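*Asks:* Before I ask anything, here is the structure I am working with.
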Amino acid sequence: MRKLLSTFLLFFCLHSLHAQSLGGRWEGYLVQDEKSDTFYYEANLQQNGDSFSGESLSKTQDGQAEARFELTGFWDGDKLILQELRQISPSS
């Protein structure tokens, strides 16, 4: 019974999250496989139904290097998939 309740609550939370607006500013830190660096990451999202657009900022912890990207995104089941389309700055 406890496992069933936990499963129901998890499903309810994921369904509720999908129904909520995720537009706005999100920030955190990223690590990459086989690299020791940790990067500050910020995403500013606009939501239109199940699709997303916006910009992201990635910079090193010491702030010496940073880049901005154009973002797009969409829901894939219970996952929000974000993709950087092109680098805005610095120009490549």
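The values are calculated or read from the model by the stated rules, or taken from the named source; none is laboratory data. These figures come from a predicted structure and were not determined experimentally. Heads up, the Cβs are rebuilt from the backbone with ideal geometry, glycines too, and the neighbour counts pull from every protein chain shown. To get the accessible areas, we keep the full protein, side chains included, count just its heavy atoms, and leave off ligands, DNA and RNA. Shrake-Rupley method; radii C 1.70, N 1.55, O 1.52, S 1.80 Å.
*Asks:* Looking at the range 32-59, which of its residues are over 19 Å from residue 83 (Cβ atoms) and either outside any loop (DSSP other than H, G, I, E, B) or touching a residue at least 24 places away in the same chain (Cβ under 8 Å) (or both)?
*Replies:* Residues satisfying the conditions are 37, 38, 40, 59.
*Asks:* Take the residues in the range 51-92 that are β-branched (Val, Ile, Thr) and under 21 Å from residue 20 (Cα atoms), then tell me which one is surrounded by the most Cβ atoms within 10 Å (Cβ to Cβ).
*Replies:* The extreme case among them is 72.
*Asks:* Within the bounds of the range 17-33, is there any residue that is open to solvent by less than 50 Å² (accessible area, probe 1.4 Å), of a type in the set (Val, Ile, Thr) and either farther than 19 Å from residue 74 by Cβ or modelled with pLDDT of 90 or more (or both)?
*Replies:* Scanning the range 17-33, I find no residue that is open to solvent by less than 50 Å² (accessible area, probe 1.4 Å), of a type in the set (Val, Ile, Thr) and either farther than 19 Å from residue 74 by Cβ or modelled with pLDDT of 90 or more (or both), so the answer is no.
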